[in-house]
Amino acid sequence: MLGWALTFLIIALVAALFGFGGIASASAGIAQILFFIFIALFVITLIMRVVGRSS
């Protein structure tokens, strides 16, 4: 999932470089959403490992 976020970030940067503001904005938004989903899943996984290890 982090790979997809980075892909959309690169698409956003390239689109912004060429002046496609709408595409850049949409790609940056998608990259941001995917990044936060990745972070949330990562934190949940860490919590589950700590809880599972202690019992």
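The values are calculated or read from the model by the stated rules, or taken from the named source; none is laboratory data. Note that the structure is predicted; figures quoted are calculated from it, not measured. We place every Cβ from the backbone using ideal geometry, glycine too, and count neighbours over all the protein chains shown.
Summary of values
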{"item": "Matching residues, the range 1-47, being within 9 Å of the chain's Cα centre (by Cα) and of a type in the set (A, V, I, L, M)", "result": "M1, L2, A5, L6, L9, I30, A31, I33, L34, I37, I39"}
{"item": "Any pair with Cβ under 8 angstrom, 6 or more apart, that starts in the range 8-27 at a residue that is at negative phi and in a helix (DSSP H, G or I) and ends at one that is at pLDDT 85 or above and among the polar types (S, T, N, Q)", "result": "F8/S27; L9/S27; I11/S27; A12/S25; A12/S27; A15/S27"}
{"item": "Some residue of the range 37-49 being part of a helix (DSSP H, G or I), modelled with pLDDT of 90 or more and hydroxyl-bearing (S, T, Y)", "result": "yes"}
